[in-house]
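Just so you know, all these numbers are worked out from the coordinates, no wet-lab data involved. In this text, all values refer to a predicted model and were calculated from it rather than measured experimentally. Note that we place each Cβ from the backbone using ideal geometry, even for glycine, and neighbour counts take in every protein chain shown.
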Amino acid sequence: MSIVCGIPILECVYCLGCARWVWLKCLYTAGYESENWGLASAEEFEPVPRLCRLILAVYEDDLRNPLWAPPGGYGINPDWVVLRKDYGETLGRVPPYMIYLDHDRADIVLAIRGLNLAKESDYAVLLDNKLGQTKFDNGYVHHGLLKEAGWIFDAECEGLRELVEKNPSYTLTFTGHSLGAGVVALLTMLAVQNLPKLGTIERKRIRCFAIAPTRCMSLNLAVRYADVINSVVLQDDFLPRTTTALEHVFRSLFCLPCLLCVMCLKETCTLEENMLKDPRRLYAPGRLYHIVERKPFRFGRFPPVVRTAVPVDGRFEHIVLSCNATTDHAIIWIERESQSALNLMLEKEHIMEIPAKQRMERQVSLVRDHSEEYRAALQRAIALDIPHAHSSSPYGTFHFHEVEEGQNSGSSGEETAKLSFKKWRKNWDNFIERLFDVDESGDMVFK
C-alpha cells in the first residue's frame with residue numbers, strides 16, 4: 001500500500017524534472033549563456049571570417065576555378081598554397097587539410113575541413129572515444145581526435161619547421177571546422193608540448209581558431225590552454241553543447257524519445273558542481289567567442305554581437321532545442337555572420353575615428369585584459385576544485401601560490417564579470433575624452 005501511495009509523488013517529481021528540462025532546452029535560448037561576457041573587439045575577432053573562408057577553400061578541387069566561393073571570393077592567393085592533402089593522400093585517417101603561407105599577414109596557416117557525412121572514417125573518429133579513455137597533460141582528451149592530431153603532427157612537423165625557420169617573424173595558426181576544429185585544438189596542444197620540433201617558435205606566436213568545435217578536452221585543459229586556443233560558436237550550434245556520448249546519439253536515432261527521457265532524468269538529478277568536478281568530462285576548448293544574432297521570442301535575425309570570455313562554469317552546458325541548432329553549425333553561416341559582426345565593429349570604430357596611436361594602445365590593453373581574464377579563469381577553476389586546474393608546465397602564466405592567494409581573497413567567481421566591466425568602462429572613458437574637454441571651472445564642454 002505504501003508503495004502505491006508513493007507512485008503519485010514520483011510522477012510529480014518526474015513532471016517537475018521534465019518541466020525544468022523543457023525550460024532549459026526550449027525556452028532557455030543560447031543568448032543567456034553569454035549575457036555576462038564582455039564584447040569582442042575588431043582586433044581580436046578579425047581573423048575569424050578570413051579563416052572561415054580558408055577552411056571553405058579546402059573543399060575546392062581547383063582554387064583557380066572555384067565552384068562554391070562565397071561572395072567576394074576566398075581572398076587567398078593560390079600560389080601561396082604550400083600543401084594540400086585529400087582523403088586519398090591521408091588514407092582516410094584525417095579529413096582533407098591545407099597549409100597556406102599568408103605573406104600579407106605574416107602567418108603560416110594549417111586549415112582542416114569539417115565532417116564529411118559521406119565518409120565512414122570521419123564517423124569512426126568521432127565514435128572512437130570512451131569516458132576517461134585517454135589522458136594528456138594531467139587532463140583527458142578525445143581519443144580519436146588525439147590520434148588524428150598526432151598523425152598530422154608527425155606528417156607535417158618537418159614541413160612546418162622549415163616554414164617557421166624560413167619565416168622567423170611569422171605566426172603559426174591552426175584552424176578547422178567541426179571535426180577539424182577538434183583535431184586542430186588537440187594539434188595545438190601537441191605543438192605547444194613539442195616546441196623544439198617546430199624550430200625556434202615561441203608559444204605566444206602559436207594560436208588556434210576552432211570553428212564550431214566538438215567537445216574534445218577536459219575542463220582543466222580547456223582553461224589552461226585558453227591563451228592559445230579560441231573557439232567560435234554561432235548562437236544555437238548543437239555540437240559544442242553535445243554532452244551525451246556521440247555513439248549513443250547515433251545509435252539512438254530510431255529511439256530518440258527514449259534518449260531524451262534518459263537525458264532529462266540524468267540532467268535533472270545531476271548537480272552542475274558534480275559535473276564540473278568530473279575530470280573526465282569533455283568541453284569546448286579554450287577562449288570562447290559566442291556570435292549572438294537572435295533574441296528570445298523574436299522573429300528574424302538582428303545585427304550580430306560577439307561576446308567573449310574564458311568561462312569555467314556555464315560553459316555551453318545546455319543543448320538548445322532550436323530550429324537553427326543544425327544550421328548554426330554550418331561553416332557557410334558562420335562565415336557570413338562573423339563577417340557581418342566584424343563589419344559592424346569596424347563601422348563603429350570608423351564613426352569614433354580612433355587615432356592610430358590609440359589603436360596601438362588598445363591592442364596593448366587587449367593583450368593585458370586577456371591575460372588578466374585568463375588568470376581569473378584559472379583562479380576560478382581552483383576555487384571550484386577542478387582537478388589539475390593549475391598549470392604545472394613551464395609555459396604557465398603564474399605560479400600555484402599566486403592562485404592560492406587569489407582564492408583566499410574571496411569573490412573569485414566574480415572576476416570575469418569585473419574584468420568585462422573594467423574593459424567596458426575603459427572604452428567608455430576613452431570615448432568621453434574624445435568628445436569633451438574640461439574647462440577652467442571644471443565643467444565638461446564639447447570639443
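Points to keep in mind about this one:
- Multiplying the residue separation of residue 62 and residue 36 by 0.36 nm and removing their Cα-Cα distance gives an extension gain of 5.0 nm.
- Förster radius 41 Å - calculated FRET efficiency between residue 301 and residue 104, Cβ distance, rounded to 0.05: 0.85
- Working from label points 7 Å from Cα in the Cα-to-Cβ sense, the residue 165 to residue 204 distance is 2.5 nm.
- Cα gyration tensor category, rounded, prolate or oblate, for segment 125-177 with a/c compared to 1.5: prolate
- Nitroxide proxy distance, nm - points 7 Å out along Cα→Cβ at residue 43 and residue 327: 3.6
- When the convex hull of its Cα atoms is viewed from all sides, segment 183-238 shows a mean projected area of 4.1 nm².
- Remark: segment 44-164 projects, on average over all directions, an area of 9.4 nm² (convex hull of Cα atoms).
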